[in-house]
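All remarks here apply to the structure that follows.
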Amino acid sequence: MPRRRVRSRPLPVWCDPELVFRAAYLDASHVVWLDGGADASAGVSIMAAGHGGSELVTADAIAGTVTRTCPPDGAGRTASRSVFGVLDDVLNDARLMSVPPAEPGTGDDRGFLGWYGWFGYELGAHLDGVATSQAETPDAALMFVDRAIVFDHAARSVRLVWIDDEGGRAETDAWAAELATTIERAHGTSASPFGVPARAAADPPLVRWRHGPVQYARLIAECQAAIVRGDAYQLCLTNRIDVDVRPDPASTYLALRASSPSHHGGFIRFGDVALLSASPEQFLLVQPDGVVSTKPMKGTRPRSADPATDQALRAELLASEKERAENLMIVDLMRNDLGRIAELGSVSVPNLLEVEEYAHVHQLVSTVRARIAPPATALDVVRAAFPAGSMTGAPKHSAMSILHELEQGPRGIYSGAFGRLGLDGSADLAMVIRSIVLTPAGASIGTGGGITALSHPDEEIEETRVKARALLAVLGAASPREE
């Protein structure tokens with residue numbers, strides 16, 4: 001077998017990720033971009049596209065099948081298997097065949113190569129033995145990335161990272177040389193934001209909420225009745241908005257990141273399905289040394305253009321008994337989930353009830369941390385903690401069962417997780433919230449909030465509108481109060 005290794009090539013110039021995306025991947029049919037943000041000064045962004053040797057894995061949770069294809073046109077092979085088993089097999093094979101890069105000073109870049117994609121909500125519910133609805137999008141979809149562009153925002157540096165072997169080095173060298181030229185040409189060009197895709201003002205797209213305000217208020221009452229009965233402590237009730245519009249995925253994502261900058265945004269396009277996310281919530285960060293953290297986000301207030309009002313809203317969020325209780329319940333749930341794969345005594349909460357500020361909302365955030373007990377892997381952490389408690393409620397199994405009956409339809413990719421699983425044993429996954437999903441049938445947006453005994457229906461309904469407003473605007477659609 002040819003010897004395989006990870007290689008890295010630093011480029012002599014810094015180039016903004018948007019410029020590189022527009023120059024190299026704007027029209028790519030299979031592309032991933034884990035986006036550190038339009039104005040990021042820390043962290044990394046990673047970009048990659050499928051090629052002739054790529055592999056795409058999709059899963060159908062209800063059928064219990066996994067389909068493996070070579071995008072864009074390769075024939076698929078479907079088998080009855082767990083998607084986690086397939087992902088783990090490939091990661092293990094790639095780890096055995098790869099070695100750290102030899103170039104001095106480049107460090108170990110294996111974490112930037114591996115599986116990139118999403119896990120849908122129904123996959124997680126199925127793992128927990130909860131009845132699910134059939135989603136129109138894959139319950140999981142991940143592409144194996146063996147060639148990537150890595151943007152280090154703090155160092156203002158760009159490098160190419162890839163795997164090659166003795167028999168295919170000429171091809172990967174040619175890929176690296178061509179891409180380096182493209183990036184260097186893009187350097188220095190000016191970015192002209194795409195903005196919101198143009199639509200005729202007289203012809204706004206048709207918008208349909210799965211549950212109108214009267215029905216959603218009734219569902220909130222049913223959630224609270226379940227809490228009073230003792231069937232749950234909290235329920236993350238969600239709604240879905242379908243928009244009859246079929247915009248260009250890439251330009252729509254660029255508009256979204258311009259209007260809603262976020263440190264865990266992302267664009268994933270696999271053929272005719274695309275995820276456009278301005279997610280502010282980290283689901284799981286697994287370090288190569290086995291330290292894992294999650295940052296549950298529960299508690300929301302809108303932002304205001306008036307500084308005094310904005311600060312008052314922030315203070316109101318921090319002081320809210322209901323929002324604090326909601327966050328603490330999910331912290332306890334995530335401590336329990338991580339405890340299933342953690343070394344004894346390693347679970348901690350280093351940050352509790354902190355307010356983070358984003359373009360459109362204030363969020364109440366906590367951090368839970370642990371150390372993985374060997375021989376558990378990052379995929380074992382995903383299995384133990386998915387779907388995230390911030391999107392289910394507590395206790396998790398009971399909450400998901402109740403929500404399945406109330407919501408009356410699939411969540412799909414929304415409230416799942418997206419990101420990467422690296423060859424070095426690391427993982428970085430964000431929650432699929434503040435996101436748009438595009439399919440041939442149109443666009444969809446998920447929105448929701450945690451229901452407790454203290455929830456007020458009008459406030460909960462308004463929270464779903466606040467969370468959806470910026471996403472609807474990118475699609476040229478009106479929010480309910482603007483219609």
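The values are calculated or read from the model by the stated rules, or taken from the named source; none is laboratory data. Nothing here was measured: the structure is a model prediction, and the numbers come from that model. Glycine also receives a Cβ, built like all others from the backbone with ideal geometry; neighbour counts cover every protein chain displayed. These area figures cover heavy atoms from the full protein model, side chains too; ligands, DNA and RNA do not enter into them. Shrake-Rupley method; radii C 1.70, N 1.55, O 1.52, S 1.80 Å.
Points worth noting:
- For Rg/Rh (Cα atoms, Kirkwood Rh), calculated from these coordinates, the label among [x] 0.99; [y] 0.95; [z] 1.03: [y]
- Near the amide H of A342, within less than 5 Å, lie the amide hydrogens of A373, all on another chain or at least 5 residues away, with H placed in the peptide plane.
- Exposure rank, largest accessible area first [S366, S80; 1.4 Å]: S80, S366
- Based on Cα contacts under 8 Å between residues 6+ apart, the chain shows a relative contact order of 22 percent.
- Look at the alpha carbon pairs under 8 Å that are at least 6 residues apart: their mean separation over the length of region 270-318 gives a relative contact order of 23 percent.
- Using a Förster distance of 35 Å, the FRET efficiency for S304-A23 (Cβ separation, nearest 0.05): 0.40
- Estimated from the Cβ-Cβ distance and a Förster radius of 22 angstrom, the FRET efficiency linking R81 and T439 is about 0.35.
- Taking packing as the residue-averaged number of other Cβ atoms within 10 angstrom, the listed peptides 309-321, 457-469 run from highest to lowest as 457-469, 309-321.
- Protein-only accessible surface at a 1.4 angstrom probe places the residues E171, E357 in the order E171, E357, largest first.
- Dipole of region 241-312, positive end: most advanced residue of A255, A278, P288 [Cβ charges, Cα centre]: P288
- Inter-label distance, nm, simple model (7 Å from Cα along the C-beta direction), T182/K322: 4.9 nm
- Of the whole protein surface, K396 contributes about 30 Å² of accessible area at a 1.4 Å probe radius.
- Solvent exposure of region 339-483 as accessible area per residue, Å², 1.4 Å probe: 33 Å²
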